[in-house]
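I have placed the structure first, in the form of structure tokens, so that the comments after it can refer back to it.
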Amino acid sequence: MRTRTTTLALAGLLVATVTTGCGNAVTTASEVKADGAYAQIAGLPKDQQVAKAEELARKEGRTLSLYTSMTADIATPIAQAFEKQYGIHVSVFRGNSETVLQRALQEAQAGKAGADTVETNFAEMAALSDNDLLADFNGSALDKVDPTARFPHWTASRLNVFQPAWNTDLIKPADEPHSWEDLALPKYKGKITLEVSDSDWFENVTKYWLDHGKSQDQVDTLWKGIVANSKVAKGHTTMMQFLSAGQSPMEAMNYTYITVRAAQKGAPVTHLPESGVSKIPAFGRPNGVGMIKNARHPASAWLFYHWLLTDGQKELVKLGLTPSTKVPGDKSLKGLTLVPFDVEGLSDKDAATWDKKYDALLRGAATGK
């Protein structure tokens, strides 16, 4: 079974080739150009940076290459809104977060600038940062972002909030889950779907249980019970399609915005109980935006970074996503019990061990044991 472990391991191997081959890092012509553009913008007072970025973007040809793991129904309107505001054409490469990371790293290995900017999941943004592929941003947009959402070389642009989801035709109010522990109940035997790469969810739930008084044996027993109730699938959008069609009664976890958007389209799905208030701890994982160091269109990349943290936040709210800043009218967290996402535990050198633990755990579900 392939999980995020494989891709992150590949990340280290690919970038090691780029940065340590023959003992010297390769500096490309595009990197020199990008460095100059980023430096021109960064060297100005903050109230002059946007104008300078717009001026340089015109000279670059008003083009932007965006790599993102946003679903197509999110990525397209986001690109269109940015293009409408700045007149910059956006070329979008969309894939799951592992694919986005792998492509960016392979292009770095080849010395080829593909992406100008990347917007994807926490772990993949951290990998790009750790491998020195992202440029620094010092624009005024950061003033709107909480310090806890600022990371080395990238910034949280939105939160993907983890919650169970279920088909309301198949799971009636009396059988709704009210805790993560409930997913281990025998009544859910054969009714749950687990996503194969959700090791960050696995880590957060595990640590939450341990921090709130459960022993490791109790935690292990709960996970075994959850897996015994489950089958596995790949991709949150695919899982929601199964859920909406009634092919799966419940998902152990999906992003709340995916569930809400499906419900808005008429699917019989929800992540909230009949009361409208969930007591299940909701983990908001930061997804972020970063500028590629050797971008072919660095000024456009800078403008997109700035826009996504300012006017773009309003666009995210319109699309039902959870912004990383406070936006009037945002109701994406209504009815949820939000708890901190364990950024530190998934940032250290041992983070890959959670992928391995989750992979090993899922083998029982994958083989039907």
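Please treat every number below as a calculation from the coordinates, not as lab data. Computed from a predicted model, the values in this text were never measured in an experiment. Counting neighbours? That spans all protein chains shown, and the Cβs are built from the backbone with ideal geometry, glycine included.
Among 158-165, 308-315, 261-268, 221-228, sorting by the average number of other beta carbon atoms lying within 10 angstrom of each residue, highest first, gives 158-165, 308-315, 221-228, 261-268. Looking at the square roots a ≥ b ≥ c of the eigenvalues of the Cα gyration tensor of the stretch 264-369, which shape do they give, rounded for a/c under 1.5, prolate if a/b is larger than b/c, or oblate? Cα axes put the stretch 264-369 in the oblate bin.
Sorted on the mean count of surrounding Cβ atoms within 10 Å across their residues, most packed first, peptides 44-53, 294-303, 246-255, 321-330 read 294-303, 246-255, 321-330, 44-53. The base-10 log of I(q)/I(0) for the stretch 26-174, evaluated at q = 0.22 Å⁻¹, reads -1.80 [Debye formula, identical scatterers on Cα atoms, solvent excluded]. Quick check on the stretch 187-315: take the gyration tensor over C-alpha atoms, sort the square-rooted eigenvalues as a ≥ b ≥ c, and tell me if it's rounded (a/c under 1.5), prolate or oblate. Here the stretch 187-315 falls in the prolate category. Take every DSSP beta bridge whose two residues both sit in the chain; close to 55 percent of them are antiparallel.
Rg over Rh for the stretch 112-182 works out to 1.19, both radii taken from alpha-carbon positions and Rh defined as the Kirkwood radius. Given the stretch 182-233 reduced to its alpha-carbon atoms as identical point scatterers, what log10 I(q)/I(0) does the Debye formula return at q = 0.13, 0.24, 0.27, 0.31 Å⁻¹? Ignoring solvent entirely, the Cα scatterers give -0.31, -0.96, -1.10, -1.20.
On a full-extension model of 0.36 nm per residue, what is the gain between K112 and L170, subtracting their alpha-carbon distance, rounded to one decimal in nm? Don't skip to the answer; put the middle values down first.
Details: separation 58, 0.36 × 58 = 20.88 nm, distance 4.97 nm.
Working it through step by step, the gained length comes to 15.9 nm.
Using 0.36 nm per residue and subtracting the Cα-Cα separation, the extra length available between E274 and Q80 on full extension is 66.2 nm.
The convex hull drawn around the Cα atoms of the chain, when projected onto a plane and averaged over every direction, covers 18.5 nm².
With 10 Å bins beginning at zero, the pair-distance distribution over Cα atoms of the stretch 154-256 amounts to 15, 47, 31, 8, 0 %. Antiparallel beta bridges, as assigned by DSSP with both residues in the stretch 123-282, represent about 55 percent of the total such bridges.
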